[in-house]
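The values are calculated or read from the model by the stated rules, or taken from the named source; none is laboratory data. Treat the numbers as computed from the prediction; the structure is a model and nothing was measured. Reconstructed Cβ throughout: ideal geometry from the backbone, glycine too, with neighbour counts over all protein chains shown. Ligands, DNA and RNA are excluded from the accessible area calculation, which covers all protein heavy atoms including side chains. Shrake-Rupley method; radii C 1.70, N 1.55, O 1.52, S 1.80 Å.
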Amino acid sequence: MSKTLTKNLEADVKELYIHFFNSMFNADVETYKSFMAEEIHQIGTTLEEVYYNKNESGNYLERAVGPVAGKIEFRNRDIRMKVVDGLIGIIEKADCYINIDGAWTFYDNARVSSLLQKKKDGWKFVQQHISFPDSRTEEGQTVGLEKIKAENIQLRNAVKRRTKELENANRELENTLSKLKATQAQLIHSEKMASLGELTAGIAHEIQNPLNFVNNFSDVSAEMIGEIEEEIKKKKEERNELLMAEILQDIKENFQKINHHGKRADSIVKGMLDHSRTNGGERVLTNINSLADEYLRLSFHGMRAKNSDFQAHFETHFDPNLPKVNVIPQNIGRVLLNIINNAFQAIDNTDTGKKNPDFKPIVKVATRDLGDKIEIIIEDNGPGIPEEIKDKIFQPFFTTKPTGEGTGLGLSLSYDIIKAHGGDLEVESKLNEGSVFKITLTK
Ligand SMILES: Nc1ncnc2c1ncn2[C@@H]1O[C@H](COP(=O)(O)OP(=O)(O)OP(=O)(O)O)[C@@H](O)[C@H]1O
Ligand SMILES: [Mg+2]
């Protein structure tokens, strides 16, 4: 016989082999025995199970498999055949399943090695060894059915215990979660209080400064008025008219200063009120393009009104298909105004612009649809923001502008408004190149 199996022979032997196992699993003793050579050597799964002929093996089948006939199955069978000295050797690895109370249950990994020899009446098993390498079978038992049942009960109990444990753990988690939520709420509250405290301290400090000026100038002015009164008391020819005119001029200037610092205090208080008002207002579906356009023009003309020499260009790059978003328009308008004002102020103060006649100060406002969000981009080609103040610009009262020109509340207010909308406000800036403020809002 050839050393290799022909396809036909392999198919025939495989069919026979499968048949053999079906008869074994069904405890069909006669069919089972018909596949065996008279002198088969067979080793079963336990120590005792060693048989030297087909009658012994048949008896074993009746005894051991009879009670579980039809309740054993090999699945995921890996069957390999090879010709060995004119015999056919078959090695099989499979998952053995057992039907317990109607449910097919994985029992063990099975390994079977068989040798078949060609006899007068066809191929017969002459050798076979069946084993469960990770066996649960005990001595004298062929299939540990009782053991599996017991194990299954244990398993079921273990699952029940585990479920209970998980339920308890879950309950604990839920408790922890609700405690966490409460703590978080407290934290948010105290954070608000802290930033309110910070704000109040800032306000006190900021207002103190103009108030000092107001107090000092009014004290000085009162003294000066006293001096004039002294002069008036004198006889006309002894009066120093020149001195009186000078003092009056000083008083006039003092009042201008008092007025200037009074207005400063006023704008600080207004800014503070803006901060506390950010929570009000109704959200409405808003066309961000027209809102941005409106505030861009408002800001530009505001700058012009304050300073008729103000020169700047502006451009808009609006996404024509930008969907409307649900926002509080007056608050988003305030943010846009603050940021666009900053941009115009930045290019207005550009030293390079003053030095370099080719410099073209420009503010660009663009919108973009990002899918689940929209983005508003405000870009200027001003001096940029130095790295060391980048993380301060959003703090209340942080300003680099001369006294009286900025309260430093613009960006802090803007940040609060955007956060209250669930959005983001970010800045990118390069020194001497300009700044880009990006607002993202969820649709
Ligand atoms: N586009 C920009 N270019 C350069 N610096 C900027 C720009 N925008 C903001 N800053 C810096 O951030 C600081 C804080 O800005 P913010 O708007 O909060 O206050 P402000 O403009 O100084 O005062 P206010 O807005 O209250 O009038 C500014 O003083 C400035 O130093
Ligand atoms: Mg500002």
*Find the residue count for region 302-344, including only residues that are out of contact with any Gly (no Cβ under 8 Å at 6 or more places or on another chain) and within 20 Å of Lys360 (Cβ to Cβ).*
15
*Restricting attention to region 380-391, which residues are within 26 Å of Thr200 (Cβ to Cβ) and either surrounded by 14 or more Cβ atoms within 10 Å (Cβ to Cβ) or small (Gly, Ala, Ser) (or both)?*
Lys390
*Taking interchain pairs and intrachain pairs at least six residues apart, which have beta carbon atoms under 9 angstrom, with the first residue in region 399-424 and over 16 Å from Ile389 (Cβ atoms) and the second near ligand 2 (Cβ under 9 Å from one of its atoms) and open to solvent by less than 10 Å² (accessible area, probe 1.4 Å)?*
Ser414/Ile339
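Per-residue answers, yes or no, for (1) more than 21 Å from the chain's Cα centre (by Cα); (2) within 12 Å of ligand 1 (Cβ to nearest atom); (3) assigned to a strand (DSSP E or B); (4) not aliphatic (A, V, I, L, M):
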residue: Arg368; (1), (2), (3), (4): yes, no, yes, yes
residue: Gly371; (1), (2), (3), (4): no, no, no, yes
residue: Ile374; (1), (2), (3), (4): no, no, yes, no
residue: Lys392; (1), (2), (3), (4): yes, yes, no, yes
residue: Gln395; (1), (2), (3), (4): yes, yes, no, yes
residue: Thr400; (1), (2), (3), (4): yes, yes, no, yes
*Would you be able to tell me the number of residues in region 312-325 that are within 16 Å of ligand 1 (Cβ to nearest atom) and assigned to a strand (DSSP E or B)?*
3
*Inspect all residues belonging to region 75-94 and state whether any of them is more than 29 Å from Leu9 (Cβ to Cβ) and surrounded by fewer than 18 Cβ atoms within 10 Å (Cβ to Cβ).*
no
_Being under 26 Å from Glu62 (Cβ atoms), at pLDDT below 80 and not assigned by TED's automatic domain parsing to the domain that holds Leu61 is true for just one of Ile148, Ile153. Which residue is that?_
Ile148
_Verdict on Ile40 being open to solvent by 40 Å² or more (accessible area, probe 1.4 Å) and in contact with a Lys or Arg (Cβ under 6 Å, 6 or more places away or on another chain)_ = no
*Output the residues belonging to region 402-424 that are within 11 Å of ligand 1 (Cβ to nearest atom), open to solvent by less than 20 Å² (accessible area, probe 1.4 Å) and touching a Ser or Thr at 6+ places or on another chain (Cβ under 8 Å).*
Gly408, Leu413
*Can you name every residue in region 326-339 that is within 24 Å of Lys306 (Cα to Cα), more than 9 Å from ligand 1 (Cβ to nearest atom) and open to solvent by less than 10 Å² (accessible area, probe 1.4 Å)?*
Asn331, Ile332, Gly333, Val335, Leu336
*Return yes when Phe359 is within 12 Å of ligand 1 (Cβ to nearest atom) and open to solvent by 30 Å² or more (accessible area, probe 1.4 Å) and no when it is not.*
no
*Among the numbered criteria (1) open to solvent by less than 40 Å² (accessible area, probe 1.4 Å); (2) modelled with pLDDT of 90 or more, which single criterion is violated by Gly302?*
(2)
*Identify the single condition in (1) among the hydroxyl-bearing types (Ser, Thr, Tyr); (2) part of a strand (DSSP E or B); (3) crowded, with 16+ Cβ neighbours inside 10 Å that Tyr295 does not satisfy, given that it satisfies every other one.*
(2)
